[in-house]
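Report on the structure given below.
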Ligand SMILES: NC(=O)c1ccc[n+]([C@@H]2O[C@H](COP(=O)([O-])OP(=O)(O)OC[C@H]3O[C@@H](n4cnc5c(N)ncnc54)[C@H](O)[C@@H]3O)[C@@H](O)[C@H]2O)c1
């Protein structure tokens, strides 16, 4: 299936959020597929970001660093590139930050998405994938898994901003794009894990920061279950969808869930136990502390039948393989060895491709 991702060869692909975790992996994969890759993002927040660690900029046609809330600049840049494909990943991605800075979250996740939609109206043709979140669903603690047709919702500013972005995407499809050659889909994935993610308040990065910096690891919700999946599994879904959508207009306007088929009772505490089976982080550095400041839903499960049936997609890596690959990346990673790190990520993508 992966070997047949031929549509991107020689095509202009714009990735917003290319300096972020998912976006930087997507850019490397698109380079492997022979695409001409452009990026629009803010500067990465850490020196150790996957983008910086791999010196990704060197491999791109052009890396634009500006705020997607700068509408004029965004419109002009997109119009000048005239991309064949857009993957919109730029977003305020941290739930906790959405409590601390709700305006930033709304501006980036909702207005930023509307700015991308507006900019697309100037193009004659483009295939676009909007990355929102599994948190866009109205939380009913649904144990069977949310379906794409379920109600949107979200209590915290992050979730609500992602649900609102979904409504904006749908509205633009119905109002402006339905009869045009701007083909759009939205994708809803759960928590992804993988090498090179250093974001704050995410359990995997926190674990590896504790390992590399010998710092304390504070675990907020040890009993939480998340639909963990490897970043390459989610990106694989986005790429398959983009290729299908490019050739099949009928998919335009649809939303797709991407997540693991079954969520075994793999709680946060089990995940830490598995990663730390060889005690790379000293036990005394791992602290369990319940957070009172903000609420997170305990269970988030997606029903992924639509992606399986319509796209022939499913996760290739189970949770243990996903954790193994993530750990391999962090253990092999070398600060400031840019080309080495780029090749490390590239080789993980090539290994992933061979698995199917
Ligand atoms: N990582 C996950 O587990 C996960 C799960 C569900 C959904 N998502 C969504 O996927 C997308 C990518 O996630 P990620 O983990 O790579 O996030 P990230 O925080 O690592 O990267 C976010 C990217 O967006 C860019 N960005 C943020 N605000 C911007 C602005 N105003 N203008 C221009 N660029 C801006 C950043 O510079 C960065 O490149 C986000 O929209 C996120 O909400 C992520």
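What follows draws every value from the coordinates through simple rules; no lab data is involved. Please read these numbers as outputs of a predicted model, since none were measured by experiment. Note that each Cβ is placed from the backbone with ideal geometry, even for glycine, and that neighbours are counted across all protein chains shown.
Numerical summary
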read-out: Potential lengthening between residue 80 and residue 347 on full extension [0.36 nm per residue; Cα-Cα distance subtracted]; value: 92.8 nm
read-out: Pairwise FRET efficiency - residue 261 versus residue 58, Cβ, R0 = 56 Å, nearest 0.05; value: 0.90
read-out: Separation in nanometres of the label points that stand 7 Å from Cα toward Cβ, at residue 339 and residue 99; value: 4.6
read-out: Cβ-Cβ FRET estimate between residue 328 and residue 247, R0 fixed at 51 Å, reported to 0.05; value: 0.90
read-out: Contour excess over end-to-end distance, with Cα ends at residue 32 and residue 178 and 0.36 nm allotted per residue; value: 49.4 nm
read-out: Neighbour-count ranking [beta-carbon atoms within 10 angstrom, fewest first] of 99, 173; value: 99, 173
read-out: Gyration tensor verdict on the stretch 1-88 (Cα atoms; rounded if a/c is under 1.5, prolate if a/b is larger than b/c, oblate otherwise); value: oblate
read-out: Listed residues 144, 215, 122, most fluctuating in the chain (Gaussian network, C-alpha, under 10 Å); value: 144
read-out: Cα-projected label distance for residue 124 with residue 71, points at 7 Å along beta-carbon direction, nm; value: 2.6
read-out: Antiparallel DSSP beta bridges within the chain, percent to nearest 5; value: 5
read-out: Distance histogram for the stretch 219-356 (every C-alpha pair counted, 10 angstrom bins, percent rounded to whole numbers); value: 10, 31, 33, 21, 5, 0
read-out: Global geometry of the stretch 79-137, whether rounded, prolate or oblate, following the gyration tensor of its Cα atoms and the 1.5 cut on a/c; value: prolate
read-out: Estimated FRET transfer efficiency (residue 314, residue 6; beta-carbon r; R0 22 Å; 0.05); value: 0.60
read-out: Per-residue Cβ neighbour rank within 10 angstrom, fewest leading, 155, 134, 84; value: 155, 84, 134
read-out: Helical mean residue ellipticity (222 nm; -39500 (n - 2.57) per DSSP H run of 4+; nearest 500) of the chain; value: -11500 deg cm²/dmol
read-out: Per-peptide average of other Cβ atoms within 10 Å, ordering 311-323, 332-344 highest first; value: 311-323, 332-344
read-out: Label-reachable residues, the stretch 46-64, where backbone N falls under 18 Å from a point 7 Å from residue 213's Cα toward its Cβ; value: 46-53
read-out: Prolate/oblate/rounded label for the stretch 149-297 (Cα gyration tensor, a/c 1.5); value: prolate
read-out: Euclidean distance between Cα centres, the stretch 30-53 to the stretch 210-230, Å; value: 25
read-out: The chain, relative contact order [Cα under 8 Å, separation at least 6], %; value: 19
read-out: Simple spin-label estimate for residue 199 and residue 141 in nanometres, 7 Å along Cα-Cβ; value: 2.6
